[in-house]
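The block underneath contains the structure these notes are about, expressed in structure tokens.
The values are calculated or read from the model by the stated rules, or taken from the named source; none is laboratory data. For clarity, every value in this text was computed on a predicted model and none was experimentally measured. Glycine also receives a Cβ, built like all others from the backbone with ideal geometry; neighbour counts cover every protein chain displayed. The accessibility values were calculated without ligands, DNA or RNA, using every heavy atom of the protein model including side chains. Shrake-Rupley method; radii C 1.70, N 1.55, O 1.52, S 1.80 Å.
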Amino acid sequence: RVSDGTVRIAVIGLGWWTVDQAIPAIGASELCETTVTVSSTSEKAKRVAAGVETATHGLSYDEFHAGEAADAYDAVYICSPNALHLPYARTAAELGKAVLCEKPIEASSERGQAMVDACDEAGVPLIVGYRMHTEPAIRRARKLIRDGVIGDPVHAIGTNSQAMLELISDPNQWRLDPELAGPGATVTDIGIYPLNTCRFLLDSDPVAAQAFMQSSHDAFEQVPDEHASFMVEFDDGTYLAATASQNAQATTSLRIVGTKGEILVEPAFHMETEIRVTRGDVSVTLDTPQVNQMTELFDYAADRILTDAPIGPDGEHGVLDMRLIEAIYEAGESGRAVTL
Ligand code: NDP
């Protein structure tokens, strides 16, 4: 599949995250290069490709689905609105290309499962782009928890908020359109960070959820969760209590409390991550390498594609998150705890 140890990537959906973050991160990676850009029009795709040294082709979505320039890439990076991840993944799988898909895997667990099935059937790897899994501070924290530094984990407290009102009020913003975003605007988009990072740190899976959510600003009238609070029970008996908002002061943190200590991740999720470990009355901020989390993610994905090593955040992992997110929205609507 990959000839010379470099994974050639077709980037699909040229929004701000692809253009400002992903393409530069691929440029800085050791194992990847962007060779193809895919967009709503071939003009836009070619314009963006012209600014990327390694890019040889710019395709429209139709041209991509028709298999054009398929020899020019080994893998796709899908960064479109959530409910459009599946069609691109299906085509990529049919073309025998590895799939790296942005979080959340899709707009529903059912569509996420369809993506898993398509990739399984074609025998291509599927990786969900959870950049916290490859962040060195988070990996260090996970090891410390495994090594028992905080004793037995008991509970976690997380938050992920951002002041997005102006951006999100744009009538073309897909995050406010349930057809494109999935069940809501906040838990699906950013609540997923405390939820999935906690899951990764504890190495546990969710079993039940409870939630409160509200939308008071007019901009959020189509979605239930301008602000959300949710609780998750994990299969190891621990609990996460978390909040997320698209219309609040930007703040991110995750605290894992154990019987003998705690790990505080703060800042946590906005591309900068630091951890502080406390045991009894001794508290230390760890010196972890400052990295570009997206570059780490692309190198991780390429390594998995090149070596066939097991994938941490694979499709099934992403589908379970979507099942949890659906349970959180159901709990928010019904006022009752929902088991998975
Ligand atoms: P944007 O709205 O900035 O970009 C999405 C792009 O998708 C558009 O620019 C457009 O590109 C393409 N697109 C195709 N069809 C549509 C459509 N019907 N409506 C709107 N856009 C369309 O979104 P983001 O870049 O913020 O998000 C894209 C994905 O990346 C999401 O899944 C999101 O969750 C994820 N994300 C992940 C982040 C992370 O930290 N890992 C951060 C931000 C987003 P074109 O003009 O080329 O067709």
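Observations, loosely collected:
- The figure for H65 is an accessible area of roughly 80 square angstrom, using a 1.4 Å probe on the protein chains alone.
- For the stretch 7-131, the fraction of 1.4 Å probe accessible surface lying on carbon and sulfur atoms is 48 percent.
- Exposed-loop-free span, longest in the chain, where GluC sites (Glu not before Pro) count as exposed if DSSP calls them loop and at most 14 other C-beta atoms lie within 10 Å: 54-220
- In plain terms, if you count all Cα to Cα distances in the chain and split them into 20 Å steps from zero, the share in each step is 31, 58, 10, 0 percent.
- Taking every protein chain into account, the accessible area of the stretch 238-280 amounts to 42 square angstrom per residue (probe 1.4 Å).
- Trypsin sites (Lys or Arg not before Pro) restricted to the stretch 1-97 and DSSP loop, no more than 15 other C-beta within 10 Å: R1
- Once the Cα-Cα distance is subtracted from the 0.36 nm per residue extended length, the K44 to D281 segment shows a gain of 79.7 nm.
- With Cα atoms, 0 to 90° folded angle of helix 136-146 axis to the chain main axis: 50
- Along the stretch 266-274 the Karplus relation, 6.51 cos²θ - 1.76 cosθ + 1.60 evaluated at θ = phi - 60°, assigns HN-Hα couplings of 6, x, 10, 10, 9, 6, 9, 9, 9 Hz to successive residues, with x for each Gly and Pro.
- Among the trypsin sites (Lys or Arg not before Pro) in the stretch 296-340, those located in a DSSP loop and surrounded by at most 16 other Cβ atoms within 10 Å of their own Cβ are R336.
- In the chain, Cα pairs under 8 Å separated by at least six residues give a relative contact order of 20 percent.
- Computed accessible area, M231, all protein chains, 1.4 angstrom probe, square angstrom: 90
- Here the Karplus curve 6.51 cos²θ - 1.76 cosθ + 1.60, taken at θ = phi - 60°, turns the phi angles of the stretch 241-255 into couplings of 10, 9, 10, 8, 8, 9, 9, 8, 3, 5, 7, 9, 7, 8, 10 Hz, with x standing for Gly and Pro.
- For the stretch 87-157 and the stretch 269-337, distance of Cα centres in Å: 9
- By the Kirkwood approach, averaging reciprocal distances over each pair of separate Cα atoms, the stretch 7-131 gets a hydrodynamic radius of 14.1 Å.
- Rough spin-label spacing in nm, given labels placed 7 Å along Cα→Cβ, for D152 and Q290: 4.0
- Most mobile listed residue (S204, S161, S80) in the chain, GNM with C-alpha springs under 10 Å: S204
- Label zone at D308, where the point sits 7 Å out along the Cα-to-Cβ direction: the stretch 1-35 residues whose backbone N lies under 20 Å: 1-8
- Measuring r between the beta carbons of A337 and E221 and using R0 = 30 Å, the FRET efficiency lands at 0.65.
- Each Cα pair under 8 Å and six or more residues apart adds its separation to the average, and for the stretch 37-99 the resulting relative contact order is 26 percent.
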